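Take a look at the structure set out below.
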Amino acid sequence: MNVLRTLRPSNVILIAAMPFIIYLFVSTNNYKRSIYAIVGIGENASTLFASFLCGLAVFCAGFWLAYSLLKNPEKSKASQLSQNAALIIYFTLLALIATNAVDLSIFVDSIVANSVDPYTSDLIQKAVRPRQLTPEAQILVLGVFSKATFAYLIASLGLLLIHFLSKSKQALVSLSRYALTLLLLANALGAFYILFVAHAGFAAGLMVTLRAAFFAYFSSMILGLIWAGLQSLEKKKHTNLLYSIAALTFFGLCAFFAMQPQQSYSLIGSLEGRVAIIKGTPQSATDQIRFGEYDGADHTSIDIRSVKDPNHALVTIEKNKRVSAAFIPTETVPADANLLWQTSFLPDESKYPAITFGVLGFFTMLLVICSIYRAEHPLAIAAEFFIDTVRGIPMLVIILYVGLPLSGAIKSASDGAINLSNMTRGIVAISIGYSAYMAEIFRAGILAVPKGQIEAARSLGLSRWQVARFVVLPQALSIVIPPLGNEFIAMLKDTSLLSILSVRDVTQRMREFQASSFLPFAPFNSAAILYVVLTLGAASIIKSIERRYERKSH
C-alpha cells in the first residue's frame, strides 16, 4: 500500500488497465502488427535486444567500477561489495565476448550495416531490406570486432593493474588516477554510444523518438542557460563604445565586399526554347530569366536547363533543338550572337559576405541604441529579442525552416562539407525552439534567489562564476525542476513533428504502416497508447526526482 501511495493516480489507472492493453495487442492481429511496425521491431529482435543489454552491461559495469575506485579509495563494506560485483560482471562479460562464448555478431553486423552509406559502401548487400552486410564484410567485421574486444580486455586489465600496484608503490598514485579516469571515460563513451547512437534494430522507431527527445532536451537546456546568462549580463563603462566599434567594423567589411568587381552576364539566342543556365549562377538572376522579369521581357515564364560551363551552353544551343538561348559571362559571348539582355552583379563569394556583415552591423548598432535607451547590456537585449521571437514561431515552422532551407544553405555554403542528417536537423530545430522556453524557466529560477544572498557571496570574495555555481544554481534548481520536467514531456511529444522531415520515429512509422495496411484505427490507437505510456513514465521519473531533491534540500 505504501508503494501505491507514492504512485501518481494516472499511473495506477494505467497499471490497472495494462492487462487489457496487453491482451488487446497480443490477441488482435491488427494491433499486434501495428505495434511491431510502430516500435520498429525488426528481424532477430530478441537476439539484438539481448546483445544490446549485454554490451550496455559491460560498459556500465566498467564505468561504475572506475567511478567507485576513484570516489571511494577507502572502501566501506557496501562499496567493497559493489566494486567486487562490478569487477566480476565487467571482466566475465568481456572475457565471454572476446572468446566468442557470447555471440554479438548479429548486433555488431546490424550496427555496421546501418552506420555506412548504403548507396556507396561495398559492405552492404544492394537492394536488401533490412540492411545486411555482404558475407565478406561479415567475416571482416567479426575479425576486427574480436581483435578490438581482446585489446580492450587487455587494456582494462593493464589500467586496473596500475591502480592495484599503486597501493604498494607511492610513485604510481598519480598515474593510477589517470588510469582510472581513462577507464571511466572509455566505458562512459561506450555506454553512451550503445544507448544513444548505435542502431537499435530491436526497437528502431521507439529508440529514435527517445534519442531525439534526449538530445534535444539537453541541447535546449544548454542553450537556455546561455540565453539566461546573457540576460543577466551587467553593462560596464565602455560596453557601448566597444559594440559601436564592432558595428562600424561590420559596416566597413560590408562596404569592402560590396565594392568588389562585378561579373557581367549576357542572355543570348532566342526565347523559342529553353535557356541554358550555368551551374552556380545566382538565384536572383536565374529567377529574372525564368519568370521573364528582366528588361525587355514580356513576363512569360521560360523553362531553363542547367549546364556546367559556357562552352557546354554554346554546344547545347547548337546540338539541342529544345535549347535556344544561354545565360553566360559576357566575355565568352560569340561576336555574332543575338544579344537579348545584359546585366552585372556581385559574385556569390562577395555578395553573401557583404549581406552578412551588413546585417550584423545594422543589428549590432540597433543593440547599442537600445542599450543606451534601456541601460542594459547589448547581449542581454539580443537574448531577449531571440526569446521573444522564437516563442512567437510555431514549432513546426522552426523544424521546416531549420530542416530544409537553412540546412540546405549551410550545405551549399560549405560546398557539401556540412551535410546534416534529417535526425540532426530535427534535433537542432527542437533545441532552438525550446531553448527560448528553457531560458525563461532558468531566468525565473535565478530571479527567485534573494539578492541579499548574492550580495553576501560577492562580499565574501566569490567570483561571478562561483556565486552562480555555489549560491544561485543550487537554489534555482529546486524551483525549476517541475517546469523543466513539463518541458521534457512536451518535447517528447513534439518529436512526432520530426516525421515531416522523414525521420523514422514512432509517428513516421505509424503513417507508413497505415498507408500500407489501410487500417483505420489500429495504427493510430497503438501510437496514442505508446505515447501515453512514455509520457506517464517520464512524469513518474520526474516526480521521483522532485521528491529526492526536496529531501536533499531539507
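Annotations for the structure displayed:
- Filtered residues of the stretch 325-374 (kept if open to solvent by 70 Å² or more (accessible area, probe 1.4 Å), in a helix (DSSP H, G or I) and closer than 19 Å to Tyr294 by Cβ): none
- Where helices (runs of 4 or more DSSP H) sit wholly within the stretch 420-477, those with at least 3 residues that are open to solvent by 50 Å² or more (accessible area, probe 1.4 Å) and closer than 29 Å to Thr389 by Cα occupy 422-447.
- Looking across the stretch 484-520 at every residue that is among the hydroxyl-bearing types (Ser, Thr, Tyr) and assigned to a helix (DSSP H, G or I), the one that is most open to solvent (accessible area, probe 1.4 Å) is identified as Ser516.
- Among the residues of the stretch 375-384, not a single one is assigned to a helix (DSSP H, G or I) and open to solvent by 80 Å² or more (accessible area, probe 1.4 Å).
Matching residues to (1) open to solvent by 50 Å² or more (accessible area, probe 1.4 Å); (2) outside any helix (DSSP H, G or I); (3) hydroxyl-bearing (Ser, Thr, Tyr):
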| position | (1), (2), (3) |
| --- | --- |
| Ser79 | no, no, yes |
| Ser82 | no, no, yes |
| Asp103 | yes, yes, no |
| Ile111 | no, no, no |
| Ser115 | yes, yes, yes |
| Ala127 | yes, yes, no |
| Ala137 | no, no, no |
| Ser156 | no, no, yes |
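- Annotation: of all residues in the stretch 521-554 being farther than 30 Å from Pro482 by Cβ and not aliphatic (A, V, I, L, M), the one that is most open to solvent (accessible area, probe 1.4 Å) is Phe521.
- Some residue of the stretch 266-281 being among the polar types (S, T, N, Q), in contact with a Pro (Cβ under 8 Å, 6 or more places away or on another chain) and more than 30 Å from Leu477 (Cβ to Cβ): yes
- Residue in the stretch 242-256 that is part of a loop (DSSP other than H, G, I, E, B) and in contact with a Leu (Cβ under 8 Å, 6 or more places away or on another chain) present: no
- For the stretch 394-439, a tally of residues being among the aromatic types (Phe, Trp, Tyr) and under 18 Å from Phe488 (Cβ atoms) returns 2.
- Filter result for Ile481 (part of a helix (DSSP H, G or I), modelled with pLDDT under 90 and either β-branched (Val, Ile, Thr) or in contact with a strand residue (DSSP E or B) (Cβ under 8 Å, 6 or more places away or on another chain) (or both)): yes
- Any hit, the stretch 276-292, residues being assigned to a loop (DSSP other than H, G, I, E, B), open to solvent by 40 Å² or more (accessible area, probe 1.4 Å) and at negative phi: yes
- Tally of residues being part of a loop (DSSP other than H, G, I, E, B) and either at positive phi or open to solvent by less than 20 Å² (accessible area, probe 1.4 Å) (or both) across the stretch 196-229: 4
The values are calculated or read from the model by the stated rules, or taken from the named source; none is laboratory data. Small disclaimer: the values here were computed from a predicted structure and weren't measured. Quick reminder, even Gly has a Cβ in these numbers, built from the backbone with ideal geometry, and neighbours come from all protein chains shown. For the accessible areas, the whole protein counts, side chains as well, though only heavy atoms, and no ligand, DNA or RNA atoms are used. Shrake-Rupley method; radii C 1.70, N 1.55, O 1.52, S 1.80 Å.
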